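Bear in mind these aren't lab numbers, they're just calculated from the coordinates by the rules spelled out. Nothing here was measured: the structure is a model prediction, and the numbers come from that model. No Cβ is skipped: glycine too gets one built from the backbone with ideal geometry, and neighbour counts run over all protein chains shown.
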Amino acid sequence: MNKNKKILAIETSCDETAMAVLDLHETDVAYDFEILSNVVASQIDLHKKWGGVYPELASRAHLEAIIPVLEEALEPIGGLSNFSREIDEIAVTKEPGLIGSLLMGIETAELLGAFYKKSVVEVNHLEGHIYSAFCNQDRRQFSIKKSDIFPILALVVSGGHTSLILMKEHLKYQTIGQTIDDAAGEAFDKVARIMNLGYPGGPVIEKIAQSGDEKAYELPQGLKNSRDLNFSFSGLKTSVLYKTKDIKTGQEKTHNKADMAASFQKAVADILIKKTLAAKKKYNPKTIILGGGVSANGYLRNNFRDKISTSSSSQSGETQILIPPRNLSTDNAVGIAIAGAIK
């Protein structure tokens, strides 16, 4: 089997307008990809003053950005005039996400598909985060085996999701653990807001934590002793609130911001890694993936790789650990293109 195709992918699930064009060469044993373009228009500056994503503003920003992003993404194939000849398929994020934002991408994909007579493949946003991890080096060409990489255990950690997902083959997913309240990325944003550090919370907490003592404050790890693989971050967030604010007066208590940031970051990373190790022991995966926006956090990336790699080897051999480069950890269309192409 030898198949070649070019895929345009569109991702607008939240506050990034993203598109990518990938070239796929499929053989009997692998999917070989080349990233021709990867364009992301971020809305971070737009939402900063709100301390989070404002859905209506996000939709309007997608509307303004979507044509310029499309034009830039298509430059490697000679622009829109070559769309019909060069693009074989369109992949688009269908869910989950903000309804207005998602519709901007879906309607764009459907219009392009109808006009140029191209098939449109719908992709789940979490699939994109999982498949982005196969670009585990900062390079434009990479390969994904069709077998010999399963089972895959994926920890997807973002602003809206914290899930442990088991894959026994491509595109087959079983959620084996998830947050019962806040997502880890949401907790980062809320704690940053509590501490008046700004938005988005992940990068600012990581930066401040570098000069802090991670053992300075004792903070809880939700569901630490539970037998399941679920997560909880609401108690951790509340603990930071009580340690930094007087609840009755709203006045700030004396505390060291760097130490608190470092202690919070450690608590999040520790429970994520602990549950992943428990899942590894139970399911014996050949491949372990860390993906999603929170996987851009350097502290988590380093500790995850170190602690997972030094744990006991899988019975079938050494476990492969895949973490996407930082620019593919946050929302992007490359992972959507990969999942769409395999579909």
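Residues Asp246, Asp259, Asp32, arranged from fewest to most other Cβ atoms within 10 angstrom of their Cβ, appear as Asp246, Asp32, Asp259. Simple spin-label estimate for Glu169 and Arg193 gives 4.4 nm between the two label positions (7 Å along the Cα-to-Cβ direction from each Cα).
Measuring between alpha carbons in the structure, the pairs from Lys94/Lys266; Lys245/Lys280; Lys190/Lys275 lying more than 27 angstrom apart are Lys94/Lys266; Lys245/Lys280. Here the residues Leu111, Leu74, Leu300, ranked from fewest to most Cβ neighbours within 10 Å of their Cβ, fall in the order Leu111, Leu74, Leu300.
Stokes-Einstein at 4 °C, 1.567 mPa s, Kirkwood radius from Cα pairs: D for the chain in µm² s⁻¹? Write down the numbers at each step before the final one.
Numbers: Rh = 20.8 Å.
Answer from the Stokes-Einstein relation: 62 µm²/s.
The three principal axes of the C-alpha atoms in region 152-323 carry coordinate ranges of 56, 29, 27 Å, sorted with the longest axis first. For a straight C-alpha distance cut-off of 18 angstrom, the aspartates and glutamates reachable from Lys5 (same-chain residues fewer than eight places away being disregarded) are Asp23, Glu26, Asp28, Asp32, Glu34, Glu75, Glu86, Asp88, Glu89, Glu122.
Using just the helices of the chain, give the 222 nm mean residue ellipticity in deg cm²/dmol: DSSP H runs with n ≥ 4 each add -39,500 (n - 2.57), and the total is spread over all residues, rounded to 500.
Details: 11 runs with 133 residues, N = 343.
My calculation for the chain gives -12000 deg cm²/dmol from helical runs alone.
Principal axis analysis of the Cα atoms in region 1-151 yields extents of 50, 39, 24 Å, listed in decreasing size.
Contact order normalised by length for the chain, with contacts defined as Cα pairs under 8 Å and 6 or more residues apart; what percent is it? It would help to have the intermediate numbers written out before the result.
On the way: 763 pairs, mean separation 76.3, N = 343.
So the answer I get is 22 percent.
Counting Lys and Arg as +1 and Asp and Glu as -1 over every other residue whose Cβ lies under 14 Å from the Cβ of Ile44, the net charge comes to -3.
Ignoring the sites themselves, the chain has its longest run without GluC sites (Glu not before Pro) in a DSSP loop having at most 16 other Cβ atoms within 10 Å at 1-217.
Please give the length that would be gained between Asp228 and Lys245 if that part of the chain were fully extended, namely 0.36 nm times their separation in residues minus their C-alpha to C-alpha distance (nm, one decimal).
Working: separation 17, 0.36 × 17 = 6.12 nm, distance 3.25 nm.
That pair, Asp228 and Lys245, stretches by 2.9 nm at full extension.
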